[in-house]
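Here is the structure we will look at, set down as structure tokens.
The values are calculated or read from the model by the stated rules, or taken from the named source; none is laboratory data. A quick note: this is a predicted structure, and the numbers were derived from the prediction, not measured. So basically every Cβ, Gly included, is an ideal-geometry build from the backbone, and we count neighbours across all protein chains shown. SASA here: full protein model, heavy atoms, side chains in, ligands and nucleic acids out. Shrake-Rupley method; radii C 1.70, N 1.55, O 1.52, S 1.80 Å.
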Amino acid sequence: MGYEPTPYQLKIPSHFPDMPIPSDNPMTVEGVELGRKLFYETLLSGDNSMSCASCHSPQAAFSDPEQFSVGIDGIQGLRNSMALINLGWDSFYFWDGRAKTLEEQVLIPVEDPIEMHQSWTRAVSLLSESVTYRNMFFRAFAEPGIDKYKAAKALAQFLRTMISGNSKFDVIYKNENGLALNAEEQAVYATVTPEELAGYDLFKSLNGADCFHCHNGPLMQVQKFSNNGLDAIFADIGREEVTGNPGDRGKFKVPTLRNIELSGPFMHDGRFGTIDEVIDHYSTGIVMSPTIDPLIEYASQGGVQLDPTEKQWLKAFLLTLTDESFVNNPDFRKP
Amino acid sequence: MTLLVSTIVGCDKDEDPVVDPEPIIEIKVQPKFDGVNLSLDSIYTTDEGYKVQFTDIKFYLEGAGHNGNSLTDAMLFDYRERGTAMYCAEGDASLYPSIQANLGVGPDLNHDDPSAFPNSSWLNILKANDMHWDWNPGYIFVKVDAKVDTIVDATLNLDHTVNLHAGRDENLQTVDFQNVTWTSVGEYKKRTTLTLDMYKFLQGTTQSIDFKTEFTLHSAPGQEAITLKVMQNFRDALTP
């Protein structure tokens, strides 16, 4: 009987749905370990100076605190780096959704001339020089040889382990929906403030902040593209670039709000540096355009018109989405 | 020696070759506007002269079946994401000369943990996506989003948003599609296509919906009457 990699058991929170795992890339301990190493591997960049983690820093909820990331050639990117949170449940990747799978997604930044600017042929060649990598790839895939598709599978496996579901919000969510809280969670719930609960009410209220049309459920997002009223004329056409459909102009992927405290700046172009600016946008800054999301029900009035107290409550709730155990998880750090 | 026989029909274009394929049932829904096939993002004119651009049409049918034979727990129609597709699975069409179902999600399932349904179920939160409010209200049964110009003049200005999202147990409706016509598509598949006429939805059989005044609905307290009207008009607009 030949060598078999060890199946990896994902730690999925009880209030989350099962994670869909592609049948051609089952989770294995060895695959995750390899993916983690590759995530921090600078050989994947043209001058061996950058890794995935360069623009997806653990301290920033695996996003980039800079508005635009700068690639190895000093060229600034065009969009803000997305936070890497609960990606295993996403249906598409990048702000414009141009990748349909994680395996497809992770291949792209390596060769992108304004990002890591490394050919996969060269990257594979460099990795193949390493005995450590040759062994790790063998252990992950039970066969000799390294190629970019195996690298992509391993990276995708690692990214699927990056699950955030242990914030104060999760305790609020479970309590509200009648799910049992353990002793630790009960202790957390005891610290929930009236302002945070008032903010949650506003978050869900259709006549309040009306956030939950697009940020819903335990994952705090829905899988869709939206024009959320940032501009009347679009310097970046977003989803239209992929579909060619003018009806998709200015639409971008709806991101999760988990760890929003850490993942700024916000929006596809990182135009808002703070949560307060984001709240102000949805309150009074909505700009009409032909493709504006009809779910922004008060768009014609400029937004939901929150008063200062309501803004404070909403922010208090948004801060409950911070999951310290996620950003500090040693399993996600550089090996 | 194994003889592989390619299927000539299936639910997906690239279905794997199989031996002796099981019969397949397919249910599609064709949205129309006054008898003409409706396209999202195209502009139609209501009886009041308003210009309307539908941007999303979604609804749940739950417990669909006939005479003790059940098709699935729930089907979700999502015109933007899946076109006219509603349901496609192995099954014997002769068992379903008519189909009864809930328009919406019945109270037995409506308040269950949406994460606990199997990933294959359209009730799972990943598939329900924005069709789930929260556990208390449960699922959105019917969702119609649009942009409208309610000023009848020569200028087109679709600056009026319409969000009709109806749900809650008390507004559940039932549909009873009699004399369902199953058409053969190839050797193994039987298909029926339901019609959803959005003109009829707006006109109603007894009471019409006026987008000028009835443009937002989330089945909140105080919206009982319009919720019921939306659900009943939608039910009546959906025909075999």
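Worth a mention:
- Electrostatic dipole magnitude of region B:90-240 [Cβ: Lys, Arg +1; Asp, Glu -1; Cα centre; debye, to 20]: 360
- Radius, Kirkwood style, for region A:49-196 when every pair of distinct Cα atoms is counted (Å): 17.9
- Sorting B:Asp20, A:Asp90, B:Asp169 by accessible area puts them as B:Asp20, B:Asp169, A:Asp90; the probe is 1.4 Å, largest comes first, and only protein heavy atoms count.
- Greater than 30 Å apart at Cα, pairs in A:Lys251/B:Lys229; A:Lys100/B:Lys51; B:Lys147/B:Lys229; A:Lys334/B:Lys127; A:Lys251/B:Lys212; A:Lys150/A:Lys251: A:Lys251/B:Lys229; A:Lys100/B:Lys51; A:Lys334/B:Lys127; A:Lys150/A:Lys251
- Charged neighbours of B:Thr150, selected by a Cβ distance under 13 Å, balance to -4 (K, R count +1; D, E count -1).
- Taking Lys and Arg as +1 and Asp and Glu as -1, the other residues whose beta-carbon sits under 9 Å from that of A:Leu230 total -1.
- Proximity of backbone amide H atoms, modeled 1.01 Å from N, is registered between B:Val162 and B:Ala146, B:Lys147, B:Val148 at under 5 Å, excluding neighbours fewer than 5 places apart on the same chain.
- Dipole magnitude for chain A: computed about the Cα centre from +1 point charges on Lys and Arg Cβ and -1 point charges on Asp and Glu Cβ, it is near 660 debye.
- Alpha-carbon spread of the protein assembly as shown, three principal axes, descending order, Å: 75, 75, 54
- Antiparallel beta bridges, as assigned by DSSP with both residues in the protein assembly as shown, represent about 80 percent of the total such bridges.
- Surface listing: A:Glu30, B:Glu81 arranged by accessible area from highest to lowest gives B:Glu81, A:Glu30, probe 1.4 Å.
- Neighbour cut-off at most 13 other Cβ (10 Å), DSSP loop, trypsin sites (Lys or Arg not before Pro), region A:71-165: A:Lys100
- Of all DSSP beta bridges in chain B, antiparallel share, percent nearest 5: 80
- The residue among A:Phe68, A:Val171, B:Val162 whose Cα reaches farthest toward the positive pole of the charge dipole of the protein assembly as shown, with charges on the beta-carbon of Lys, Arg, Asp and Glu, is A:Phe68.
- Inter-part distance where region A:149-214 and region A:1-67 are each reduced to a Cα centre, Å: 22
- For the segment A:213-219, counting C-beta atoms of other chains within 10 Å of every residue's C-beta and taking the mean gives 5.
- Rounded to the nearest 10 degrees, the inclination of helix B:224-237 to the longest alpha-carbon principal axis of chain B is 50 degrees.
- For A:Met267, solvent-accessible area (1.4 Å; no DNA, RNA or ligand), Å²: 30
- In region A:1-75, chymotrypsin sites (Phe, Trp or Tyr not before Pro) in a DSSP loop with at most 11 other beta-carbon atoms within 10 Å: A:Tyr3
- Binned Cα-Cα distance frequencies in region A:176-243 - 10 Å width, integer %: 15, 33, 29, 14, 9, 0
- Straight-distance candidates among the aspartates and glutamates for linking to B:Lys189, with alpha-carbon spacing under 16 Å and chain neighbours fewer than 8 residues away dropped: B:Asp12, B:Asp14, B:Glu15, B:Asp16, B:Asp20, B:Glu22, B:Glu26, B:Glu90, B:Asp92.
- Mean separation of Cα contacts under 8 Å, 6 or more apart, over the residue count of chain A: relative contact order %: 21
- Mean sequence separation of contacting Cα pairs (under 8 Å, at least six apart), scaled by the length of region B:107-166, corresponds to a relative contact order of 25 percent.
- Over region B:21-239, relative contact order from alpha-carbon pairs under 8 Å, at least 6 apart, %: 24
- Rounded if a/c under 1.5, otherwise prolate or oblate - chain A, Cα gyration tensor axes: oblate
- Accessible area of A:His215 in the full protein assembly, 1.4 Å probe (Å², nearest 10): 30
- About its Cα centre, the dipole of the protein assembly as shown is roughly 600 debye, where the only charges are +1 on Lys and Arg Cβ and -1 on Asp and Glu Cβ.
- Integer Hz, Karplus 6.51/-1.76/1.60 couplings in order for region A:61-68, x for Gly and Pro: 6, 6, 10, 10, x, 7, 4, 10
- Taking the charge dipole of region B:21-239 about its Cα centre, with +1 at Lys and Arg Cβ atoms and -1 at Asp and Glu Cβ atoms, the residue from B:Ser94, B:Ala220, B:Gly65 reaching farthest to the positive side is B:Ser94.
- Whole-angstrom gap from region A:256-274 to region B:46-111, using each part's C-alpha centre: 37
- Set the Cα radius of gyration of region A:143-276 against 2.2 N^0.38 Å, with N its number of residues, and you get 1.35.
- Relative frequency of Cα-Cα separations exceeding 24 Å in region B:21-239, percent: 43
- Anisotropy class of region B:138-200 from Cα gyration tensor, a/c 1.5 cut: oblate
- Pair B:Thr213, A:Gln76: separation of 7 Å Cα→Cβ label points (nm): 5.3
- Solvent-accessible surface (1.4 angstrom probe) belonging to B:Lys51, in square angstrom, nearest 10: 70
- For the set A:Asp96, A:Asp47, the ranking by accessible area, highest first and with no ligand, DNA or RNA atoms included, is A:Asp47, A:Asp96 under a 1.4 Å probe.
- Gyration tensor (alpha-carbon) shape descriptor, region A:110-197, a/c threshold 1.5: prolate
- When both region A:68-106 and region B:163-190 are represented by their alpha-carbon centers, they are found 39 Å apart.
- Top positive-direction residue, dipole computed over the protein assembly as shown with Cβ charges, set B:Val52, A:Leu126, A:Met220: A:Leu126
- Protein accessible surface hidden between B and A, which excludes ligands and nucleic acids, total in Å², probe 1.4 Å: 2100
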